[in-house]
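Values in this text are rule-based calculations from the coordinates and carry no lab data. All figures in this text were calculated on a predicted structure; none of them were measured in a lab. Glycine gets a Cβ as well: all are built from the backbone with ideal geometry, and neighbour counts include every protein chain shown.
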Amino acid sequence: MSRTRVVVTGLGTTSPLGGDVETTWDGMLAGRSGVRRLEQDWVEDLAVKIGAPAAVDPTTVLDRVKARRLDRSSQLAVVAATEAWADAGLAAAQEAGDLDGDRVGVAMATGIGGVSTLLANYDTMKEKGPRRVSPLAVPMLMANGPAANISLIIGARAAVNTPISACASGNEAIAMAIDQIRLGRADVVVAGGTEAAIHPLPMAAFANMMALSKTGSADGADPTTVSRPWDTGRDGFVLGEGAGVLVLESEEHARARGARVYAEVLGAGITADSHDIAQPDPSGSGGSRAIKRALLESDVDPSVIKHVNAHATSTPQGDIAEGLMLHATLGSHVGDVVVTSTKSMTGHLLGGAGALEAVATVLALQHRIVPPTINLDDQDPQVELDIATKVRDLPVGDVAALNNSFGFGGANVAVVFATA
């Protein structure tokens, strides 16, 4: 029996590089960093004073009254989803009554959820008493808030899901969307991830567990050089915020309505390390199994993979483990693959990372160019990969690309995209 083909028909994002897809993509191609010293008053008490906040405040884009009813993670998700929905031509179809909401789903991930709302209301309760806690606190802080709010806007009445698998969450949402469509439960799924965790508590916690880079926080230091995947000087990731969204559709549904197709999403692989709550398996075996499963589900030979948007966060162990994974799964073809880490420019969006990087992967296939990895001055000799340090071309013909995500708890997700 033939398998349902799934295509990408819409893209949306708001990121540390820009408030939409065009400015974010242009920033990536230009090798521009979105990392900067944070300006909030509370940052002076922290060991880490840098981050990669969204370039455009979502409250300046959304209706002011509606924005106040949303946690920042939901605000970012709604901005990106609205762009993707319109980009796919579905906003017009919805307005014309040409879309069956029973066949529209949402899979919107987050790693942490409405942490700012939770902590702000806890502070309010301590300072002013429980009667002053917002009656909107629960719908704002709940992890499925972004997915639910998107569903309300687009009229989605199929499954509305929220995968939460730490830094692998965004890619897992895409995998979940593929399944929804192939199982016949939806024709269209808005899929992606969002995160807004630039807050003193998460930043202090990540810093204390030695996950964040402390480089660049000193007076006079250049924060734009801190996120440096695969460089011998890397010492941890930079916390970013934003959202990435893709509209996935069955090819039959997309063709029937004359939609533009960016790329095809062939399949995904999901595994767990069962090794450590925070550290990756140094052998990379769990991630290798995820990539192998993604290739198997996609019916793709490793020789067809020509590009990898790597998870590569700038952590000493994680970057090496991912290199081992790619050698184990792509074998002799690994030298023909152009690898990049857009986190060098955006920082690490946690639950939104895989989705933002999926948008970049799709655009790389569409335009056949790979954005660079910046700040790679001295490549770790333990990482034997062809890493793009400038914009690189992809070959003509049918090619495929991997988007990898790995998260705390040992979560591993790999997704395979291909030229349309």
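Would you calculate the separation in nanometres between label points at Ala93 and Asp57, each defined as 7 Å from the Cα along the Cα-to-beta-carbon direction?
According to this spin-label approximation, the distance is 3.6 nm.
If I stretch the segment between Asp276 and Asp100 completely, what's the gain in nm (0.36 nm per residue apart, minus their alpha carbon distance), one decimal? Before the final figure, lay out each step's value.
Details: separation 176, 0.36 × 176 = 63.36 nm, distance 4.40 nm.
Result: 59.0 nm gained on full extension.
So how far apart, in nm, are the two label points at Met125 and Arg260 if each is 7 Å from Cα heading toward Cβ?
Distance between label points: 4.8 nm.
Work out which GluC sites (Glu not before Pro) in the chain are exposed loop sites (DSSP not H, G, I, E or B, at most 16 other Cβ within 10 Å) and give the longest gap free of them. Before the final figure, lay out the partial values.
Working: sites that count: Glu39, Glu384.
By the stated rule (loop sites, at most 16 other Cβ atoms within 10 Å), 40-383.
Between segment 68-123 and segment 327-359, what's the alpha-carbon centroid distance in Å?
25
Out of all DSSP beta bridges with both ends in segment 6-256, state the antiparallel percent to the nearest 5. Present the calculation step by step, with values, prior to reporting the outcome.
Details: 19 of 31 bridges.
Within segment 6-256, antiparallel bridges account for around 60 percent of the total.
With an 8 Å Cα cut-off and a minimum separation of 6 or more residues, compute the relative contact order for segment 270-322 in percent.
Working: 37 pairs, mean separation 22.1, N = 53.
It comes to 42 percent, rounded to a whole number.
So how far, in whole Å, is the C-alpha centre of segment 167-181 from the one of segment 295-324?
If we compute the Cα centre of each part, the gap is 17 Å.
Hey, what did the chain get for relative contact order, percent, Cα under 8 Å, at least 6 apart?
On the way: 1143 pairs, mean separation 98.6, N = 420.
Relative contact order here is 23 percent.
Can you give the FRET efficiency for Ser332 and Asp377, using 1/(1 + (r/R0)^6), R0 = 25 Å, r = Cβ-Cβ distance, to the nearest 0.05?
Details: r = 29 Å, r/R0 = 1.14.
Once the sixth-power term is evaluated, E becomes 0.30.
As a footprinting exposure proxy, order Lys343, Lys128 by other Cβ within 10 Å, with the fewest listed first. Before the final figure, lay out the partial values.
Working: Lys343 26, Lys128 10.
Final ranking by Cβ density, sparse to dense: Lys128, Lys343.
Could you give the nm distance between label points at Asp45 and Arg64, where each point is 7 Å from its Cα heading toward the beta carbon?
For the pair Asp45/Arg64, the computed spacing is 3.0 nm.
Would you mind calculating the relative contact order of segment 166-244 from Cα pairs under 8 angstrom and at least 6 residues apart, reporting the percent as a whole number? Working shown, then result.
Values: 77 pairs, mean separation 23.7, N = 79.
Rounded, it is 30 percent for segment 166-244.
Identify the residues of segment 188-222 with backbone N under 12 Å of a label point that sits 7 angstrom from the Cα of Thr4 along the Cα-to-Cβ direction, or state none.
188-189, by backbone N distance to the label point.
I'm spelling it out carefully: the read-out is volume of the Cα convex hull per residue in Å³, the candidates are (i) 163; (ii) 132; (iii) 274, and one was derived from this structure. Which label?
(ii)
Taking the beta-carbon count within 10 Å as an exposure proxy, list Tyr262, Tyr122 from fewest neighbours to most. Walk me through the intermediate numbers first.
On the way: Tyr262 23, Tyr122 13.
Final ranking by Cβ density, sparse to dense: Tyr122, Tyr262.
Counting DSSP beta bridges in the chain, what percent are antiparallel, to the nearest 5?
Numbers: 42 of 64 bridges.
The answer is about 65 percent antiparallel.
Fewest Cβ neighbours within 10 Å first, please rank Asp87, Asp26 accordingly.
Numbers: Asp87 20, Asp26 13.
Ranked by crowding around the Cβ, least crowded first: Asp26, Asp87.
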